[in-house]
Each structure stands twice: as structure tokens, then as C-alpha cells.
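Below is one structure; the comments refer to it alone.
The values are calculated or read from the model by the stated rules, or taken from the named source; none is laboratory data. Everything numeric here is computed off the predicted structure, so don't read it as measured data. Here the Cβ is made from the backbone with ideal geometry for all residues, glycine too, and neighbour counts use every protein chain on show. These area figures cover heavy atoms from the full protein model, side chains too; ligands, DNA and RNA do not enter into them. Shrake-Rupley method; radii C 1.70, N 1.55, O 1.52, S 1.80 Å.
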Amino acid sequence: MRVIILLITSLILISCATQEVKNSNSEDIKVNPKAAEVNVQLGAHYISEGEYKLADDKLKRAFKQDPRSSMARWTYAIMQEKLEQPEAANYYYKEALRINPKDSQGQYNYGSFLCRQKKYKESENHFVKALADPLYQGKAAANLNAGVCLMEVPDYDRAEGYFKETLRLQPNNRVAMYQMAKLNYLQGNYAQAQSYIRDFEELSPHSPISLLLAYQIEKELGNTKIASSYAKELRQNYPASEQARQLIRIQ
């Protein structure tokens, strides 16, 4: 009888211990927007480090801590795009904006995503929504990216408007200068293109794409010696680039 009692007691103790372990392992995540914000920041950091499993854990935790966090959703969307899951990325971008359509950074990020997906006209709508926020701090970037997307349509007139606004906000924005040089070259405005490419090179070392464009502009203007110097720099500094191979085809 004593043995039976001891056995029953042992089973009760084991059952209690198992229940305690189960309770300790099952997370009861409470709503806590401040904690969610911290986890979103950690998730973003892990994404930048390529630690996607850790980022996934932090962001999913943030979802539960703040079900209304649009930032958690679009940060998760950024990760999905990096994981080459565009459908999942699109879903989470839309979820972010469903939760908070006034999230200007979310609008900008979704516009950038759509541009990378070659949905150029649709992307502009989201840049416009971001730009409609008078307090949005990323207006220069939104204008620049809207212009770059419209160059792919192509819609040069509207792209030019966005690039000019970028340069109004950031007069030394070298990417906008390059884009204006490219835009004017494509429209046959070679003197204007030359002015922008020279402004560009005063601010930044040349890349293969800017060297090729500078060569093309000077060639159209009949400046053969200057064009040859750009061609030489491209061949010497970037011999394995696609632009160097393209130079061989067009010379």
C-alpha cells in the first residue's frame, strides 16, 4: 500500500513538473507597442546582417506586441523581398498600408518595391502619397525614385519634374545630376546633358555607367579628344564592366 501511495505521489509530481515546463515554454506575449518598436529595430538590424531567422523571430514577436504596427509589416516585407519572395513581400506591404495608409515611409517603401518589380506607373502613386505628407523627411529620395521609375516607362517630361525637385531639395545630389544628364542625352539635348555630367563629376568619381554616358555625350557634341579620354578611363579602370564591352560595340 505504501509503495502504491509513493508511486501515485511521484506521478502527481511528474505531472506538475511537466505542466510547469509547458507553461514556461509557452510565451504569453502581451500587447506592448514600445517593446514592438524595439523588436522591429532589432529585426531591421538582423536583416542588414543577413540573419534572417533572427529577424523573422523578432518581427513576428513585434506583430503580436503591436498588431497595429505598419512598420513591423513593411520591415517584414523588405525581408521577404531579400529572400526572393516577391508575392509575400507584396502581401506584407499591402498589410502595412491597410493598417496605416498615412505611413509615408511605408508608401515610399512600397513604391520602391513596385518599381523594382517593373510596375512603374503603379509605383508612382505611392511616391505621390508619401510626398503629400508635409512632414515626410524623405522627399528628395521619393522624388528621385519616382523620376527613375518614370524613366523606365519612359515618360521623360514627368521624370524631369521629379529630378528637378530633387535638385531643388538637394542641389548636390549626384544621382539626380546623372539622371538629368541621361535624360537630356536621350532627348538629344547634348549641351544640357554635358552641363549635368560635368556637375556630376565635380561631386563624385566616375562609375562605369557615368563614364560611358560622358563619352556618348562628348561624341555627339563632336568633342573627339574629350570623348577619347573618357573611353580610355573606362577601359583602364573598368575593363571587365558591361559598359567597357558596350564601348567596344559603339566605337
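Past the 25 Å Cα-Cα mark, which pairs from 58/139; 82/118; 119/139; 60/102; 94/164; 129/164? Those over the limit are 58/139; 94/164. Ranked by the mean number of other Cβ atoms within 10 Å per residue, highest first, peptides 73-85, 226-238 order as 73-85, 226-238. Inter-label distance, residue 174 to residue 68: 4.4 nm, where each label sits 7 Å from its Cα along the C-beta direction.
For the chain, what % of the accessible area comes from carbon and sulfur atoms, probe 1.4 Å?
The value for the chain is 53 percent carbon and sulfur by accessible area.
Charged side chains reduced to their Cβ positions (Lys and Arg at +1, Asp and Glu at -1) give the stretch 17-175 a dipole of some 260 debye around its Cα centre.
Here each label is just a point 7 Å from Cα along the line to Cβ, and for residue 245 and residue 83 those points are 3.3 nm apart. What the stretch 123-251 shows is 52 Å² of accessible area per residue, with the surface traced by a 1.4 Å probe over protein heavy atoms.
Evaluated at q = 0.19, 0.23 Å⁻¹, the base-10 log of the normalised Debye intensity for the stretch 130-251, with identical point scatterers placed on the Cα atoms, takes the values -1.01, -1.29.
The percentage of C-alpha pairs in the chain whose separation is greater than 22 Å is 67%. Positive end of the dipole of the chain, charges at C-beta (+1 Lys, Arg; -1 Asp, Glu), about the Cα centre: which of 35, 200, 123 has its Cα farthest in that direction? Checking the options against the dipole of the chain, the answer is 35.
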